[in-house]
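Below you'll find the structure, written out as structure tokens, and then a few comments.
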2 protein chains.
Amino acid sequence: MDSVRIREAKEGDCGSILRLIRELAEYEKFSDQVMITEEGPCVVGYGLYYFIYSTWKGRNIYLEDIYVKPEYRGQGIGSKIIKKVAEVALDKGCSQFRLAVLDWNKRAMDLYKALGAQDLTEAEGWHSFCFKGDSMRELAGK
Amino acid sequence: MDSVRIREAKEGDCGSILRLIRELAEYEKFSDQVMITEEGPCVVGYGLYYFIYSTWKGRNIYLEDIYVKPEYRGQGIGSKIIKKVAEVALDKGCSQFRLAVLDWNKRAMDLYKALGAQDLTEAEGWHSFCFKGDSMRELAGK
């Protein structure tokens, strides 16, 4: 798949990326939770990352989402996106690059492990916790 | 424990907070991974948070660390820190407030659940993955 180019997103890509975000939400069974609403022309995949901070290791990268349209899977595009994020992480002085996966998504888990990632939930026992809506408001006394 | 005040950290607290970070690393069995090196006078606990982004829900808060010195536990200080973070989250328009816990830390898990948090690893199957050092460099081809 030499014709697929991995590049930074531009403002004009927003509509296309939104369409992929919707597809990802459907795939992850969270369609009812998408609160954004614009659409546009097509791109075949995306990786959305931001910087996070480890108390004792400093700045790291978190890959919030990675998605490739079903008809473009199995061609190494996901791996290329992940490699690109690893390059950005190194260029920015990060010592880690993190992401989260749903346990039923074996295909993704296998890919990440094959690329050298460690499952921290399995290896160290990390669980993700979340306060949402009402429980957060109650907690804050508001 | 009316004499304990929950407030934003100031620059002068850095040394004290570092000492607590060291204690936390020891508690979490990661002492060998602490790469920072200054010390100072004493504070009894801290919560370290930053903003993260959910693709379909926008800005949220992530509580990277929360720690209370052993001799000050059981007095509700941890809960007060968590409540303060929930207030900040609401003030900043966040819809979620996330954190991660090690599965052997039952005391912390029970506290978060009692305060209304949901265990997303248990409920939805989220696993944390991480590319570190060599595997990240290899991935980036560097």
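The values are calculated or read from the model by the stated rules, or taken from the named source; none is laboratory data. Fair warning: this is a prediction, and the values are worked out from it, not measured in the lab. Here Cβ is always computed from backbone atoms with ideal geometry, including for glycine, and neighbour counts include all displayed protein chains. Just the protein is used for accessible areas: all its heavy atoms, side chains included, with ligands, DNA and RNA removed. Shrake-Rupley method; radii C 1.70, N 1.55, O 1.52, S 1.80 Å.
So the values come out like this:
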{"quantity": "Enumeration of residues in segment B:128-140 that are open to solvent by 20 Å² or more (accessible area, probe 1.4 Å), closer than 21 Å to A:VAL101 by Cα and not small (Gly, Ala, Ser)", "calculated": "B:LYS132"}
{"quantity": "Residues within segment B:87-127 that are farther than 28 Å from A:ASP103 by Cα, of a type outside the set (Asp, Glu) and free of Cβ contacts under 8 Å to residues at least 24 places away in the same chain, tallied", "calculated": "1"}
{"quantity": "Matching residues in segment A:68-112 - criterion: being hydroxyl-bearing (Ser, Thr, Tyr) and either within 20 Å of B:THR121 (Cβ to Cβ) or crowded, with 21+ Cβ neighbours inside 10 Å (or both)", "calculated": "A:TYR112"}
{"quantity": "Matching residues, segment B:113-125, being in contact with a strand residue (DSSP E or B) (Cβ under 8 Å, 6 or more places away or on another chain) and open to solvent by 60 Å² or more (accessible area, probe 1.4 Å)", "calculated": "B:LYS113, B:GLN118, B:GLU122"}
{"quantity": "Single match in A:TYR27, A:TYR46, A:TYR50, A:TYR62 (criterion: within 16 Å of B:THR55 (Cα to Cα), free of Cβ contacts under 8 Å to residues at least 40 places away in the same chain and surrounded by fewer than 17 Cβ atoms within 10 Å (Cβ to Cβ))", "calculated": "A:TYR50"}
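For every residue, the table says whether it meets (1) more than 7 Å from chain A (Cβ to nearest Cβ); (2) at pLDDT 95 or above.
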position	(1), (2)
B:SER95	no, no
B:LYS113	yes, yes
B:GLN118	no, yes
B:THR121	no, yes
B:CYS130	no, yes
B:GLY133	no, no
B:MET136	no, no
